[in-house]
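Below you'll find the structure, written out as structure tokens, and then a few comments.
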Amino acid sequence: MIGDRVGTITNARVGGAGRELLPTEGPVDVFLFGGVIADIAPAGVLRPRGEVLDADGAWLIPGLWDHHVHVLQWALIAQRQTLGRAESAAHAARLVAAAPVLADGRRVGTGFRDALWSDPPSLAVLDAATGDVPTYLISADVHSVWLNTSALRREGHEPDGIGILREGPAFEISRRLNDVDPVLGDQLVAEMARDAASRGVVGLVDLDMAWNESAWERRLNGGFDSLQVEFGIYPEFLERAIVEGLRTGDAARGAASSLARVGSLKVITDGSLGTRTAACSHAYPGDPRDHGVLAVAPEALLELMTAATGGGLACAIHAIGDIANSYALDAYATTGAVGTIEHAQLVAHADVPRFGRLGIGASVQPEHAVDDRDLTDTIWAQQTALPYPLRGLADTGANLLFGSDAPVSPLDPWAAMAAAVFRTRDGRPAWRPDQGVDAATALAASTHGGSTSGTLIEPGAGADLALCERDPLAATEPELRAMRVSATLLAGRVTHLI
């Protein structure tokens with residue numbers, strides 16, 4: 001039945017916003033036509049039409065979105081050694097040494113978190129474990145890369161005793177590592193998309209650091225049809241995008257379908273917490289002069305956002321530290337641009353209500369709060385701004401848009417919802433539970449419209465839908481994380497079915 005268009009979903013229970021508007025509190029039949037919901041009736045009252053999908057009492061929810069994914073880099077995880085369990089630099093070096101050598105002669109590992117290691121990364125440790133094979137370890141936040149001597153020389157860098165590249169140079173290494181054969185890359189992206197569909201995902205925002213339109217044109221023309229995609233444009237491609245007339249919401253040119261559309265200008269204004277480069281008002285421990293990295297000056301950000309707005313492009317501004325968030329909000333207020341702030345991990349108290357007041361979406365990754373809780377309580381212990389203020393943002397009217405930042409966290413909206421609601425994982429006590437949101441807000445934030453205008457299941461709405469085993473509004477934290485999705489529909493077409 002994969003690929004079939006469904007005419008009727010029978011015996012479904014509706015979860016999420018809008019169910020109080022339904023004609024019954026019991027199971028319903030949902031009638032689909034032309035990719036939208038045509039009607040909803042109490043189960044069994046009307047004759048089913050077209051292809052029938054029996055929900056068998058499963059919960060019907062709007063299809064889910066991940067609002068921040070680096071698609072190709074996430075897909076390439078399948079070829080890379082995972083390093084998330086590394087407890088020290090020596091441990092990470094041993095793990096990556098066991099990775100297979102890829103066809104291009106390199107070893108690649110990903111996901112290490114070194115901020116709390118007792119032994120700092122060094123060339124000596126990595127070289128001893130990996131030898132002459134060029135070896136690359138990408139940090140969990142992708143803002144730093146640890147290379148052995150062979151890799152440094154291969155990439156044109158002189159060994160310095162440590163082997164760590166941060167921010168711009170690290171991003172350049174990731175671009176090179178991501179420059180794989182398109183046939184292989186597209187195959188891995190297709191596998192990634194099928195996995196996403198199995199979790200109820202119908203769409204994502206792709207923020208790969210590349211000219212993404214051509215990649216998605218190629219994929220769609222090659223038969224990709226599992227997800228909707230909105231792709232970002234980086235500053236180095238902004239002039240090209242404007243000259244060629246790309247505008248937010250336009251379909252990718254030359255593509256066989258309209259599943260991929262132009263998204264926003266993506267600007268990375270500061271670093272990250274894990275790499276200790278997020279731009280903050282208070283210094284990092286150990287150096288009173290270290291306030292992180294402001295990668296784009298406020299004046300340059302204004303120019304970029306003004307140009308994008310004039311060209312019909314929305315903006316997606318990466319800002320993690322409180323200084324970066326303040327500058328990003330100032331730029332939105334000055335330029336009148338529309339769009340989002342990506343991450344918003346540390347926000348000054350006075351800036352929290354500005355998101356809602358300016359109509360700027362908070363594109364946030366709730367799993368990062370759980371991942372970074374120990375870092376926040378140590379490295380950011382002296383910061384006075386609010387870390388991961390989900391409830392604070394929601395209470396002042398900001399539109400929350402949940403994502404994973406995959407590969408930083410796995411592409412799994414159920415994990416994001418669990419972290420947002422319960423603020424914990426692995427049985428630990430909840431971290432800053434006052435900043436958790438309710439389940440209805442978390443579910444809405446995981447749909448295309450976001451928390452303030454999340455997709456409803458009602459006549460006239462698009463038939464982007466998922467069937468799950470439990471009511472997501474009543475599930476426990478372990479139940480949300482383990483949520484089983486039995487079917488996913490994109491415009492009424494089945495993209496996942498078990």
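The values are calculated or read from the model by the stated rules, or taken from the named source; none is laboratory data. Owing to the predicted nature of the structure, the values given are computational and were not obtained by experimental measurement. Neighbour counts are summed over all protein chains in view; Cβ atoms, including those assigned to glycine, are modelled from backbone coordinates with ideal geometry. Only protein heavy atoms, including side chains, enter the accessible area calculation; ligands, DNA and RNA are left aside. Shrake-Rupley method; radii C 1.70, N 1.55, O 1.52, S 1.80 Å.
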Only one residue in LEU116, LEU102, LEU126 is under 16 Å from GLN73 (Cβ atoms) and either assigned to a loop (DSSP other than H, G, I, E, B) or over 28 Å from the mean Cα position of the chain (by Cα) (or both), so which one is that?
LEU102
Determine, yes or no, whether ASP160 is without any contact (Cβ under 8 Å) to a residue 40 or more places away in the chain and part of a loop (DSSP other than H, G, I, E, B).
yes
Unmet requirement for SER486, which otherwise passes all of (1) over 30 Å from ASP374 (Cβ atoms); (2) part of a loop (DSSP other than H, G, I, E, B); (3) of a type outside the set (A, V, I, L, M):
(2)
Looking at the range 429-446, can you tell me whether even one residue there is free of Cβ contacts under 8 Å to residues at least 12 places away in the same chain, in a loop (DSSP other than H, G, I, E, B) and either open to solvent by 20 Å² or more (accessible area, probe 1.4 Å) or more than 27 Å from THR8 (Cα to Cα) (or both)?
yes
If you go through ALA418, ALA394, the only one that is touching a residue at least 24 places away in the same chain (Cβ under 8 Å), farther than 17 Å from ILE320 by Cβ, touching a Ser or Thr at 6+ places or on another chain (Cβ under 8 Å) and not basic (Lys, Arg) is ALA394
Unique match (being surrounded by fewer than 24 Cβ atoms within 10 Å (Cβ to Cβ), of a type outside the set (D, E, K, R) and out of contact with any strand residue (DSSP E or B) (no Cβ under 9 Å at 6 or more places or on another chain)) among LEU375, LEU386:
LEU375
Output yes when any residue across the range 370-379 is part of a loop (DSSP other than H, G, I, E, B), out of contact with any helix residue (DSSP H, G or I) (no Cβ under 7 Å at 6 or more places or on another chain), at pLDDT 95 or above and of a type outside the set (Ser, Thr, Tyr), and no when none is.
yes
For the condition within 22 Å of ALA419 (Cβ to Cβ) and open to solvent by 20 Å² or more (accessible area, probe 1.4 Å), what is the one hit in ALA362, ALA348, ALA381?
ALA381
Output the residues belonging to the range 400-423 that are part of a loop (DSSP other than H, G, I, E, B), open to solvent by 10 Å² or more (accessible area, probe 1.4 Å) and within 23 Å of ALA278 (Cα to Cα).
ASP405, PRO407, VAL408, PRO410
Which of the residues belonging to the range 447-475 are of a type in the set (Val, Ile, Thr), open to solvent by less than 60 Å² (accessible area, probe 1.4 Å) and either farther than 17 Å from ALA196 by Cα or more than 20 Å from the chain's Cα centre (by Cα) (or both)?
THR455, ILE457
Are any residues in the range 269-297 basic (Lys, Arg) and either buried (at least 18 other Cβ atoms within 10 Å of the Cβ) or at pLDDT below 95 (or both), and if so, which ones?
ARG276
